[in-house]
Amino acid sequence: MRGRLGFSTTESARLLLFGVLALSVVLAEQEGENLSGLSTNPDKAIFAVRENGTTCLMVEFAVRFLVPYDVLALNGIDLITEQAAFTLPRGAEIEGVCARTESEIHISWKNKAYTLRIYFTKEFREKGVEVWKISKVQFVYDTSETSHFINAYNPGKHTASTHRLSALVTPAGRSYVCTAQQTLTLISSDHQKGITVSMYDIQIQPFDIASDFVFSEPYKCITDQRERLEETLPLILGFILGLVIVITLTVYHFHLKLTASQPQLPRDRSMYKNM
């Protein structure tokens with residue numbers, strides 16, 4: 001049976017189902033929340049993305065930026081390069097998107113003069129191991145914003161991006177934790193200048209958050225594991241050395257007791273005649 005527009009009942013049902021599914025995707029409300037007030041570290045920010053009232057992505061870190069830009073030299077002809085150094089403010093605005101295998105967070109401040117975008121993907125690797133990683137980082141900045149860019153030549157907005165990034169690779173279902181600094185280099189649209197983005201005191205989880213506002217089991221970065229080993233290695237070596245000394249003294253003590261209980265043979269050979 002076909003309707004006035006020429007669609008069968010089955011086709012109409014399929015179209016209706018498709019429309020409902022599309023509407024449900026649109027209605028899946030995703031909002032960003034700034035939780036930086038919970039951190040006692042004045043340099044560290046905490047941001048979350050929530051979908052339908054449930055946390056689906058959360059980041060906690062401190063970020064430093066080093067951005068080169070051109071200024072006009074005193075002769076009014078030559079250009080010289082200056083460096084703008086600043087940190088990610090705790091009062092930034094958050095937007096984000098959560099999906100099954102792709103997620104992203106957008107962090108903006110100064111009326112969107114600056115925007116840091118971090119993109120995450122989940123994938124399967126060798127032996128069927130599922131991991132997530134940072135697949136791309138973008139930083140949009142406006143050199144006409146004078147709090148960091150002083151007397152910038154030809155000011156305007158620029159976008160810096162990574163290329164073929166695979167960073168912070170972490171087993172699925174776990175959060176990435178790293179105290180040590182992790183540095184990324186982004187190439188800017190401003191004459192291919194290199195932008196440095198340094199993250200530290202990191203805890204990030206873009207997928208599979210089991211409890212609202214709570215990170216899952218941490219996965220420590222190799223740098224932190226190495227530093228922890230360097231800290232504990234002297235203690236371990238000291239313990240082993242002390243144990244060796246105790247064992248040596250114990251063996252020596254038992255040796256003395258055994259030798260003391262045995263009869264002493266005369267060292268002078270003439271004494272054997274009287275035995």
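Side notes on the structure shown:
- Selection within region 113-159: residues that are farther than 19 Å from Val197 by Cβ, in a strand (DSSP E or B) and without any contact (Cβ under 8 Å) to a residue 40 or more places away in the chain. The member of this set that is most open to solvent (accessible area, probe 1.4 Å) is Phe124.
- The listed residue being at pLDDT 95 or above and either of a type in the set (D, E, K, R) or in contact with a helix residue (DSSP H, G or I) (Cβ under 8 Å, 6 or more places away or on another chain) (or both), out of Val177, Val197: Val177
Okay, residues lined up against (1) under 19 Å from Glu33 (Cα atoms); (2) open to solvent by 10 Å² or more (accessible area, probe 1.4 Å):
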residue: Leu165; (1), (2): no, yes
residue: Ala172; (1), (2): no, yes
residue: Ser175; (1), (2): yes, no
residue: Cys178; (1), (2): no, no
residue: Gln181; (1), (2): no, yes
residue: Thr185; (1), (2): no, yes
residue: Asp190; (1), (2): no, yes
residue: Gly194; (1), (2): no, yes
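- The residues listed here are Glu82, Glu93; of these, the one that is of a type outside the set (Gly, Ala, Ser), more than 28 Å from Glu51 (Cβ to Cβ) and open to solvent by 60 Å² or more (accessible area, probe 1.4 Å) is Glu82.
- Members of region 47-70 found to be hydrophobic (A, V, I, L, M, F, W, C) and either open to solvent by less than 10 Å² (accessible area, probe 1.4 Å) or at pLDDT below 95 (or both), listed by number: Phe47, Ala48, Val49, Leu57, Met58, Val59, Phe61, Ala62, Val63, Phe65, Val67
- Search result, residues across region 99-108 that are open to solvent by less than 20 Å² (accessible area, probe 1.4 Å) and either in a loop (DSSP other than H, G, I, E, B) or not small (Gly, Ala, Ser) (or both): Ile105, Ile107
The values are calculated or read from the model by the stated rules, or taken from the named source; none is laboratory data. Keep in mind the model is a prediction, meaning the values are calculated, not measured. Positions of Cβ are generated from backbone atoms using ideal geometry, with glycine treated the same way; all protein chains shown enter the neighbour counts. Heads up: the accessible areas ignore ligands, DNA and RNA and are worked out on the full protein's heavy atoms, side chains in. Shrake-Rupley method; radii C 1.70, N 1.55, O 1.52, S 1.80 Å.
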